[in-house]
1. Between residue 126 and residue 104, what is the FRET efficiency for a Förster distance of 22 Å, r being their Cβ-Cβ separation, to the nearest 0.05?
2. Post the alpha-carbon centroid distance, the range 118-133 to the range 55-77, in whole angstrom.
3. Taking 7 Å along the Cα-to-C-beta vector as the label spot, tell me the residue 35-residue 55 distance in nanometres, rounded to one decimal.
4. Equivalent-ellipsoid semi-axes (√(5λ), Cα gyration tensor) for the chain, whole Å, largest first?
5. Once amide H atoms are placed 1.01 Å from N in the peptide plane, what residues at a sequence separation of 5 or more from residue 61, or on another chain, have their amide H within under 5 Å of its amide H?
6. Each residue of the range 99-107 in order: what ³J(HN,Hα) in whole Hz does its phi give by Karplus 6.51 cos²θ - 1.76 cosθ + 1.60, θ = phi - 60°, with x for Gly and Pro?
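Every number in this text was worked out from the coordinates using simple rules, so none of it is lab data. Quick caveat, the model's predicted, so the values are computed rather than measured. Neighbour counts are summed over all protein chains in view; Cβ atoms, including those assigned to glycine, are modelled from backbone coordinates with ideal geometry.
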Amino acid sequence: MGEAGGRARRGWRRSLQVRHVDAGSCNGCESEIAAITNPVYDAQRYGLDIVASPRHADVLTVSGPVTRQMAEALRRTHAALGDPQLVVAVGDCACGRCPFRGTYAAGEGVAGVLPVDAEVPGCPPTPEEIVRHLRALMTTPWPRPR
Ligand code: SF4
């Protein structure tokens, strides 16, 4: 059994590396995501960290409704993640509840482009909620039932 298979059987448990993509948000969700690693919320104490490259990430977090301009970039970023991988939609827009949903520029949310493993609702969701959802994924075996 390869390393990926071993991780799949036991879940992530100890750490989760996160790559974030802004797919057309208003920056509200970005501010909250950026805050999870500040000294107040200190997500790193749980083994959560934000990384610069999708090749180093286990999780892809996405905010915004996924505009038409960002859909292909989001697909390519997702393809660059290692395996196993998870996708988390952060904020109401990413969860498909954007007021501009379905207009000429905005898409249907992340689920219209990628398989979504978890949704963090809110406009924007708080750092506590984002951390709570990511921590819940750390003990989730992979692949998850869809
Ligand atoms: S969910 Fe709210 S805060 Fe987040 S991108 Fe959409 S409008 Fe902005």
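1. For R0 = 22 Å, the calculated efficiency reads 0.10.
2. Answer, in whole Å: 17.
3. Here the answer is 3.4 nm between the modelled labels.
4. Values: eigenvalues 114, 64, 32 Å².
Values for the chain, descending: 24, 18, 13 Å.
5. 19, 20, 21, 88
6. Couplings: x, 9, 3, x, 6, 4, 9, 9, x Hz.
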